[in-house]
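For reference, the structure is listed below as structure tokens.
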Amino acid sequence: MLRSALASFADSFVLPANRVPGIDGLRALAALWVVLFHLNVLSGAPLAQVPVVGLFLRSGSTGVSLFLVISGFVLYLPFAAGRHGRFKTGDFLLRRARRLLPAYYVAVVLALGLNLIGADWPGYRPLTAIDAAGQLLSHLALVQTFFADTFYGLNGAFWSLGLEWQLYLALPLLLWGVSRWGLARTAAAAIACNILYRLILQLTVDRGLLGTNDVIATAVLPNQLLGRWAEFVFGMLVAEAFATGRHRDLARRLVWLLPPLALAGLLAVGNPLSHLLFGSVFSILLLVVASDATWTRPLSWRPLVSLGVMSFSLYLVHQPILQALTFALRSLGVTSPFVVFASLVALLPAVVFCAWLLFISVERRTIAGSPQKEPRTPEIAAKSVSAPQPGPLTQARPLLARHAGSASTVSQPGLNGSSSPFPPAS
């Protein structure tokens, strides 16, 4: 029955022959990793003692790292290989706003409503009228990432949207640097700023100027632009390799680094520079996926790709829905953390269904790049991108047209210079 349902979901989904394989599947896995991380936290299940499972779930928040790498790749790709002169800041920001904000604002209103009616639910807190107004305004303005009270305020996953906008605003600066000094020097400077910022922040904590468990020290300050810039820049480097046709050779040379870097990243969770390890892993993985390596082809499984197309909607709504389900389970007398965890896993299709509703009612209307009518489902949205001529840059056009955060095509200036959406992550 499950196989039949998955087949029905994906039947109308057809991958364009010249699309970059597996990117949507990779995005889907990143979103599911984040969902499982939050699910484990809400259930309270002590899975940390389970060697592999515990390590995997604890590091689930680093799914954001993969989203940032993909974002850097997609947004820089239209300007790679010497095309940075096509960038128009105003068009870029307008396209990003049109692509991301409608679904995000709907999710903000949903999260605020659940906070107001579910003050006793796990992860929620009572809000006064002034608190609610402050949370709403900060989230609408995408500045929730700057304050301890709003960082995890309405929805613990929303903080990365604020970070994404900081990265968008900084992209013109990076492109200016590329035009003057080249990508290698500009990327090195941004990565150095990231490392220096994180080390100074850690030194501040070590000297007692910030509390070890303070939200400002553990969440707010590490996740500002300077604290996460490197992952975005890693994606830009992958885009340059892809645009110049060097991605396959680099993938062959670097693929052997994936196991040791992944292990090092998992063991270094909590280290101030662990995000650099994860960013490196995801950059190499993106190179390999873009090269269509045989072992990455399962990422092009149609149901997984369909989920990747709607991963932005899944990212936006999963946490408040999981919180409501956790409250419902405990209200029914389910107290065992393991039973709550298993029950939430079993209810994940309901979470995906809610994300699908947001996708078909709101997000699909913001997906551009197709001459056809608005798609009715993620599968149709995925296949509605017109086929470009073959070549490294044009092979990525379908990806750009559907990446959860923009809305144009590689040939059009603006947004990502042409386009592309990005599903944030948390």
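Would you mention how many residues in region 319-349 are part of a helix (DSSP H, G or I), among the polar types (S, T, N, Q) and without any contact (Cβ under 8 Å) to a residue 12 or more places away in the chain?
Selection size over region 319-349: 1.
For region 14-85, list the helices (runs of 4 or more DSSP H) that sit wholly inside it and hold at least 2 residues that are within 21 Å of ALA290 (Cα to Cα) and modelled with pLDDT under 90; which are they?
Ranges flagged: 23-43, 63-76.
Do we have any residue at all in region 237-247 that's under 24 Å from the mean Cα position of the chain (by Cα), crowded, with 16+ Cβ neighbours inside 10 Å, under 26 Å from LEU169 (Cα atoms) and not aliphatic (A, V, I, L, M)? Working first, answer last.
Filtering region 237-247 down to residues under 24 Å from the mean Cα position of the chain (by Cα) leaves 237-243, 247.
Keeping just the survivors that are crowded, with 16+ Cβ neighbours inside 10 Å gives 237-243, 247.
Narrowing further to those that are under 26 Å from LEU169 (Cα atoms): 237-243.
Still in the running and not aliphatic (A, V, I, L, M): 240, 242.
Looking for residues that are under 24 Å from the mean Cα position of the chain (by Cα), crowded, with 16+ Cβ neighbours inside 10 Å, under 26 Å from LEU169 (Cα atoms) and not aliphatic (A, V, I, L, M), one finds at least one in region 237-247, hence yes.
What pairs come up if the first residue lies in region 252-265 and is more than 13 Å from LEU276 (Cα to Cα), the second is in a helix (DSSP H, G or I) and not acidic (Asp, Glu), and their beta carbons are under 7 Å apart, counting only those six or more places apart or on different chains?
Note: pairs meeting the criteria are LEU254/ILE284; LEU254/LEU287; VAL255/ILE284; VAL255/VAL288; LEU257/ILE284; LEU258/VAL281; LEU258/ILE284; LEU258/LEU285.
Could you tell me how many of the residues in region 133-161 are within 15 Å of LEU93 (Cβ to Cβ) and buried (at least 18 other Cβ atoms within 10 Å of the Cβ)? Spell out the reasoning first.
Filtering region 133-161 down to residues within 15 Å of LEU93 (Cβ to Cβ) leaves 141-142, 161.
Narrowing further to those that are buried (at least 18 other Cβ atoms within 10 Å of the Cβ): 142, 161.
Residues in region 133-161 being within 15 Å of LEU93 (Cβ to Cβ) and buried (at least 18 other Cβ atoms within 10 Å of the Cβ): 2 in total.
Conditions: (1) crowded, with 22+ Cβ neighbours inside 10 Å; (2) among the hydrophobic types (A, V, I, L, M, F, W, C); (3) free of Cβ contacts under 8 Å to residues at least 40 places away in the same chain. LEU316 meets all but one. Number of the miss?
If we test LEU316 against (1) crowded, with 22+ Cβ neighbours inside 10 Å; (2) among the hydrophobic types (A, V, I, L, M, F, W, C); (3) free of Cβ contacts under 8 Å to residues at least 40 places away in the same chain, just (3) comes out false.
Do we have any residue at all in region 94-105 that's buried (at least 16 other Cβ atoms within 10 Å of the Cβ), over 23 Å from LEU357 (Cβ atoms), among the charged types (D, E, K, R) and touching a residue at least 40 places away in the same chain (Cβ under 8 Å)?
yes
Criterion first (surrounded by fewer than 16 Cβ atoms within 10 Å (Cβ to Cβ) and at pLDDT below 95) does ARG185 satisfy it?
Against the criterion (surrounded by fewer than 16 Cβ atoms within 10 Å (Cβ to Cβ) and at pLDDT below 95), ARG185 does not qualify.
From LEU277, LEU299, grab the single residue that is touching a residue at least 24 places away in the same chain (Cβ under 8 Å) and either of a type in the set (D, E, K, R) or outside any loop (DSSP other than H, G, I, E, B) (or both).
LEU299
I'm trying to understand the selection: among the residues of region 305-347, which are modelled with pLDDT of 90 or more, under 19 Å from the mean Cα position of the chain (by Cα) and hydrophobic (A, V, I, L, M, F, W, C)?
Across region 305-347, the qualifying residues are LEU307, MET310, PHE312, LEU314, LEU316, VAL317, ILE321, LEU322.
Filter region 299-313 down to the residues that are touching a Leu at 6+ places or on another chain (Cβ under 8 Å) and surrounded by fewer than 24 Cβ atoms within 10 Å (Cβ to Cβ) and list them by number.
If the condition is that a residue be touching a Leu at 6+ places or on another chain (Cβ under 8 Å) and surrounded by fewer than 24 Cβ atoms within 10 Å (Cβ to Cβ), then LEU299, SER300, ARG302, PRO303, LEU304 are the ones that fit.
The values are calculated or read from the model by the stated rules, or taken from the named source; none is laboratory data. Bear in mind the structure is a predicted one, so any value in this text is a computation, not a measurement. Positions of Cβ are generated from backbone atoms using ideal geometry, with glycine treated the same way; all protein chains shown enter the neighbour counts.
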